[in-house]
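The values are calculated or read from the model by the stated rules, or taken from the named source; none is laboratory data. Predicted model, so just to flag it, every value in this text is computed and none were measured. Virtual Cβ from ideal backbone geometry, glycine too; neighbours counted across all protein chains shown. Calculation scope for accessible area: heavy atoms of the full protein, side chains included, ligands and nucleic acids excluded. Shrake-Rupley method; radii C 1.70, N 1.55, O 1.52, S 1.80 Å.
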Amino acid sequence: MQAPSVGGVMLPRGGGETIRLSRGASLTDFAEKIGANPASLVAVMMNLGEMVTATQSVSDETLTLLGDEMNYQVQIVSPEEEDRELLESFSIEFGENEGGEEMLVSRPPVVTVMGHVDHGKTRLLDAIRKTNVVAGEAGGITQHIGAYQVATEVNGEERAITFIDTPGHEAFTAMRARGAKSTDIAILVVAANDGVMPQTIEALNHAKAADVPIVVAVNKIDVEGADPTKVRGQLTEFGLVAEEYGGDTMFVDISAKQGLNIDSLLEAVVLTADASLDLRANAEQDAQGIAIEAHLDRGRGAVATVLVQRGTLRVGDTMVAGDAYGRVRAMLDDKGQNVEEAGPSTPVLVLGLTNVPGAGDNFLVVDEDRTARQIAEKRAARERNAAFAKRTRRVSLEDLDKVLKAGLVQDLNIIIKGDASGSVEALESSLLQLDVGEEVEIRVLHRGVGAVTESDINLATGSDAIVIGFNVRAEGRATQMAEREGVDVRYYSVIYQAIEEIEAALKGMLKPEYEEVELGTAEIREIYRSSKLGNIAGVLIRSGEVKRNTKARLIRDGKVIAEDLTIQGLRRFKDDVTEIREGYEGGINLGNFNDIKIDDVIATYEMREKPRG
Ligand code: GDP
């Protein structure tokens, strides 16, 4: 084979050696590894049809492509792996219990409460906190530190349970997206008068994706019209079959308001843990765990609630949490009392860190202050680099066949959001019927009606999924989040088109020429009627910028109402302008299209040619 040459200059070709690069590395990093000039690699990429600058962070695929061209075996190191290697360089192993079986003692389960809004998650967490029967404790007023522990009697034995005190699955998935596993068991709260609702399903899909057993709390049984049996029936469809119907999920009918059956619920949690999980940890090693919540307190400095997962954390220990470090100056439990030590599954508030760790960051105790500082500094440096990087797509339809061939993924995980349950189900069942060969499996992790939300992106990030929006768009900061996390979000308005693309992607035939790039969104605040121009939308630009003559679509309540519109007129006060930026107000005229309402969103976009991978 010819060595690649650029402008007659031969490039150093490898002999098939392996080089290791961090996810999100740049051509300069690559050049450094092989002793080449970065500019020459830019030229090589250009010959391959990709325009990248030397310092820009590139995707895994680009690095691999360049590796193939230069005859190097490229190994991409994930951030998790890198962190493990960093700790290993200090002879620290994170995540494993030290010693053998004989060192393990049982630890309480850690529980997250999830469910649809208003079904009583917060009320339940309050009710449980009140049943706190930890023996011999004066029962001070519970402080909100992000988690608390209660005790309950099961078969004559006192058993503790730890609750993460932020209801909802957002925190849960956000942590999972960062690779942290905080929860052993999920309590799914379903109001008996309301039944299974969209977020019920979302929550249960999140729990399933994380492989966390579920206990169902059928709440509000005190309310008239409550129908706990119906809830059991509804959940059967989602694979949660009640024990009394021969399944293995425990359902407990409760009233969070009246404090009814809270004990039975706690018992069900313990029994489920005993039946399906082996919750044991070494209580004697240096403490390790995760940060659940943290903030900067005016008087006390950085304050972090950590959940000890193994070992025992003591006042005076030197710890690293994410890129924060320090010596534990004091620890407070969930009753605001000073404690000297905290064992496995115990949440404590820690004072003494240099700065604030992120929720989901791991923490560990090390022997020397110097080690703690070095680990924290290396992590901070990496975070900074990664912040420039990101934009690496995790799994995208374009490179799916490559990823599949390389054995990097076996499944295509999909999240489907649509405008109506009928279309979502139709799309799902057609996708599941696709003949995609034996090695690949299509898994629909979550489906639901409504806009693509931040929660969907979190789930996609944690599970390497792609997101399909069928006649709906992204909501809130979901688009930015997807960009940042490199999640492939696809929008369709015709079912067969979605099916075709996915089938083509699986077969490696997808070669799109153009991609849609969102330019900006405008919220309609007022409507002016003009006899000459028709309706004019008085808008506030919510994100990006809106430009004249670009394409637009109209979105109402997260649903696409009209496609293929054009921003024909754009005004600021009395002046015609070519663009208006985020935060500014203006007037938009959509030509002949007049069906606009207050609160509608005009989303503008542009078709850009896509670099081929
Ligand atoms: P969340 O959004 O899931 O956290 O729901 P909340 O805990 O805020 O509860 C929503 C509303 O339902 C509140 O007004 C609660 O007082 C009420 N609620 C919660 N549990 C019960 C219950 O068991 N019975 C009755 N009647 N109302 C309840």
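Some values worked out for this structure:
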{"item": "Selection from segment 459-479 of residues that are within 13 Å of residue 444 (Cα to Cα), open to solvent by 10 Å² or more (accessible area, probe 1.4 Å) and not hydroxyl-bearing (Ser, Thr, Tyr)", "result": "464"}
{"item": "Test: residue in segment 292-302 that is open to solvent by less than 30 Å² (accessible area, probe 1.4 Å) and modelled with pLDDT of 90 or more", "result": "no"}
{"item": "Residue count for segment 583-613, restricted to those that are at pLDDT 90 or above and open to solvent by 70 Å² or more (accessible area, probe 1.4 Å)", "result": "6"}
{"item": "Only listed residue being open to solvent by 60 Å² or more (accessible area, probe 1.4 Å), within 28 Å of the chain's Cα centre (by Cα) and more than 16 Å from the ligand (Cβ to nearest atom), chosen from 274, 211, 194", "result": "211"}
{"item": "Hits in segment 26-58 (condition: open to solvent by less than 30 Å² (accessible area, probe 1.4 Å), modelled with pLDDT of 85 or more and within 30 Å of the chain's Cα centre (by Cα))", "result": "27, 30"}
{"item": "Unmet requirement for residue 66, which otherwise passes all of (1) touching a residue at least 40 places away in the same chain (Cβ under 8 Å); (2) buried (at least 20 other Cβ atoms within 10 Å of the Cβ)", "result": "(1)"}
{"item": "Which listed residue is within 16 Å of the ligand (Cβ to nearest atom) and either surrounded by fewer than 19 Cβ atoms within 10 Å (Cβ to Cβ) or modelled with pLDDT under 90 (or both), from 166, 173", "result": "166"}
{"item": "Residue check for residue 589: on the phi > 0 side of the Ramachandran plot and of a type in the set (S, T, N, Q)", "result": "no"}
{"item": "Any chance residue 526 is open to solvent by 50 Å² or more (accessible area, probe 1.4 Å) and at pLDDT below 85", "result": "no"}
{"item": "Number of positions in segment 334-359 that are surrounded by fewer than 22 Cβ atoms within 10 Å (Cβ to Cβ) and touching a residue at least 60 places away in the same chain (Cβ under 8 Å)", "result": "7"}
{"item": "Count - residues of segment 126-159 that are away from the ligand (no atom under 14 Å from the Cβ), open to solvent by 50 Å² or more (accessible area, probe 1.4 Å) and at pLDDT 85 or above", "result": "6"}
{"item": "Selection within segment 228-257 - under 13 Å from residue 190 (Cβ atoms), away from the ligand (no atom under 14 Å from the Cβ), open to solvent by less than 70 Å² (accessible area, probe 1.4 Å) and of a type outside the set (A, V, I, L, M, F, W, C)", "result": "232, 233, 234, 236, 249"}
{"item": "Residue within segment 361-377 that is farther than 22 Å from residue 91 by Cα, modelled with pLDDT under 95 and either assigned by TED's automatic domain parsing to the domain that holds residue 299 or of a type outside the set (Lys, Arg) (or both) present", "result": "no"}
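Every residue, every condition in (1) aromatic (Phe, Trp, Tyr); (2) closer than 30 Å to residue 101 by Cα; (3) more than 28 Å from the chain's Cα centre (by Cα), yes or no:
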{"residue": "245", "(1), (2), (3)": "yes, no, yes"}
{"residue": "278", "(1), (2), (3)": "no, yes, no"}
{"residue": "298", "(1), (2), (3)": "no, no, yes"}
{"residue": "310", "(1), (2), (3)": "no, yes, no"}
{"residue": "316", "(1), (2), (3)": "no, yes, yes"}
{"residue": "329", "(1), (2), (3)": "no, no, yes"}
{"residue": "333", "(1), (2), (3)": "no, yes, yes"}
{"residue": "337", "(1), (2), (3)": "no, no, yes"}
